[in-house]
Amino acid sequence: FYWSNSGDDTCFYIVSIGNKIGLIDCLGRVVFPIIYDEIKNLWNDIHVKTDIRVKKDNLYGLYHAEQQILPIKYDWIGLVLTRSSSKYDYCINASQNGCWGMYDSHGSLILPHDYDEINYEPTNTDEGFLVNLNSEKK
């Protein structure tokens, strides 16, 4: 697959040995070693973002291009598109030991892993998150 890197189209290929996969660029340089069970670009428009979720030994981590944002220690990782003053960004929803937490797009913790559920709830005037703690919405 392809994604844009500094405005230039750079191609990357998923490669495998046995049941493990990795990522190399068009020049054959290793981007991610062949140690993962899954490598997935989390955006439909891969020319906008380069957020790559990796899975190894049933745990997930997150990279932005080649920089690690979250280490491989989560049960699940997903991205949530957010809006603030007509600007779009995203947060990272992550589950660890059955509890959900949230990180900003740089991997800094916003909400600790104390919640049964976290949902983004945009409104016309503001933005916010709806959390479910012990089956009670907050």
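A few points about this structure:
- Checked against (1) closer than 25 Å to Ile92 by Cα; (2) modelled with pLDDT of 90 or more; (3) open to solvent by 60 Å² or more (accessible area, probe 1.4 Å); (4) small (Gly, Ala, Ser), Ser16 meets all criteria but (1).
- Enumerated strands (runs of 3 or more DSSP E) restricted to segment 19-70, each holding at least 2 residues that are surrounded by fewer than 16 Cβ atoms within 10 Å (Cβ to Cβ) and modelled with pLDDT of 90 or more: 30-36
- Residue selected from segment 78-102 under the condition among the small types (Gly, Ala, Ser) and either touching a Pro at 6+ places or on another chain (Cβ under 8 Å) or at pLDDT 75 or above (or both), by the criterion farthest from Leu42 (Cα to Cα): Gly98
The values are calculated or read from the model by the stated rules, or taken from the named source; none is laboratory data. This is a predicted model, so every value here is computed, not measured. Heads up, the Cβs are rebuilt from the backbone with ideal geometry, glycines too, and the neighbour counts pull from every protein chain shown. The accessibility values were calculated without ligands, DNA or RNA, using every heavy atom of the protein model including side chains. Shrake-Rupley method; radii C 1.70, N 1.55, O 1.52, S 1.80 Å.
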